[in-house]
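I have placed the structure first, in the form of structure tokens, so that the comments after it can refer back to it.
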Amino acid sequence: AASARDTPAASAAPAEPAEAPRVVHVRITALTSGGAEAETASVECHDQATLADVRGILATLYAWDLGTSTAAQFSIGKREKDGQLLDADIVPKALFLRGAALCRRARAAPPELVEVVFSRMPADDDDGEGEPFFFRLSAMTDCTTAELRAQLRDALGWSEPECKHARLLLKRAGGFVSLKDNERLDARRAIIVHGAPLERRGGASDIVPLPPAAPALKSCPAAAPKRAAAVPEATPVVLAEPKAAGDFNLERSLSLQRELLDGFGADSFQRRLKKLREECQGPAGARRYNVERLKLLLTVHGEVLPRYGFDGGLPGVMAMMAAFSAPVLAASAEVQRNGAMLEKLIG
């Protein structure tokens, strides 16, 4: 009998090559809060992709922010608790989504400082006579309703119970819509206040920037209660379209632009702007940069604009921009050339 030594060694079986990942398409159906089907999308990924992979793909495709991406819930059935998936799970070929939308949208513009006009909600027994009260406040476009309410508290001296019960509303056809605490200001510029007064009280902070009223704004005749002389009062105003005094023609517009070019082109201004850019590097500094840059720009606007009939604050800047949209100015090559030079100086 042949010994084991004489027997040829059995060759080892070759290892099977690992199967290459296959490209698959995952069908995702977004559901409304009531469970009805809304948008549908198809995502291309490999067959071993996890839910975390798909979540990241959707966040990129549809510009979800971190809050939306985290809140999005996925399941294999339409019912809310029907096979919910975890981020480590391998995704099936069909998913249902709650808490986020599958619609492409433009990415949000960088936050900027804007003026918001707050008005009081008329009382039920208000006969409509007299002029309404308004209060103007500067705020960042990315601030939330809760942050706006806190700014109003500091500016007007609200008590904590008043701040808690104050509601910020938007006028809509047939009634009002209440803003949720986590909603951002975005493009909203007129907000109604219900449940708290709009007059400034003793102890109110003056930290919140309040642009001065434009010359075209007039005082409301309604009598205001007497306050201590040491406490500045918020004067109710009636909103009117701010306009430049006199005839703002082509000659005056070019003269205004030349003065702005001199102011923004001055070495002292450019040094301050450069220093501000250096101090506000990166995404974390963008908010501070926008606020401080506007304050810096207003140092020049405040000197130049009143000489041409405009207010020296933010309302005057807005009125000036509106004036430059006149056809005769918009058609001027020199006006447009100066405008481009100004943008380069302050950009």
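Just one of (1) farther than 23 Å from residue 112 by Cβ; (2) modelled with pLDDT of 80 or more; (3) touching a Gly at 6+ places or on another chain (Cβ under 8 Å) fails for residue 245. It is (2).
For the stretch 303-343, give me each residue that is outside any loop (DSSP other than H, G, I, E, B) and under 23 Å from the mean Cα position of the chain (by Cα).
314, 315, 316, 317, 318, 319, 321, 322, 343
Hey, any hits in the stretch 287-306 for a residue that's touching a Pro at 6+ places or on another chain (Cβ under 9 Å) and of a type in the set (S, T, N, Q)? The answer is yes; a qualifying residue exists. Of all the residues in the stretch 171-194, those that are over 22 Å from residue 68 (Cβ atoms) and either at pLDDT 85 or above or open to solvent by 30 Å² or more (accessible area, probe 1.4 Å) (or both) number 11.
Residue count for the stretch 277-302 satisfying the condition of being surrounded by fewer than 17 Cβ atoms within 10 Å (Cβ to Cβ) and not in a helix (DSSP H, G or I): 2. For the stretch 19-29, indicate whether the set of residues that are at pLDDT 80 or above, open to solvent by less than 90 Å² (accessible area, probe 1.4 Å) and more than 15 Å from residue 101 (Cβ to Cβ) is non-empty. Among the residues of the stretch 19-29, at least one is at pLDDT 80 or above, open to solvent by less than 90 Å² (accessible area, probe 1.4 Å) and more than 15 Å from residue 101 (Cβ to Cβ), which makes the answer yes. Residue count for the stretch 137-170, restricted to those that are of a type outside the set (A, V, I, L, M), more than 18 Å from residue 120 (Cβ to Cβ) and open to solvent by less than 50 Å² (accessible area, probe 1.4 Å): 5. Might you check whether a residue that is open to solvent by less than 60 Å² (accessible area, probe 1.4 Å), farther than 23 Å from residue 23 by Cβ and assigned to a loop (DSSP other than H, G, I, E, B) occurs anywhere in the stretch 82-94? The answer is yes; a qualifying residue exists.
The values are calculated or read from the model by the stated rules, or taken from the named source; none is laboratory data. Here the structure is a predicted model, which means the values were calculated and not measured. Every residue, glycine among them, receives a Cβ derived from its backbone with ideal geometry; neighbour counts consider all protein chains shown. Just so you know, the surface numbers come from the protein's heavy atoms only, side chains and all, with ligands and any DNA or RNA stripped out. Shrake-Rupley method; radii C 1.70, N 1.55, O 1.52, S 1.80 Å.
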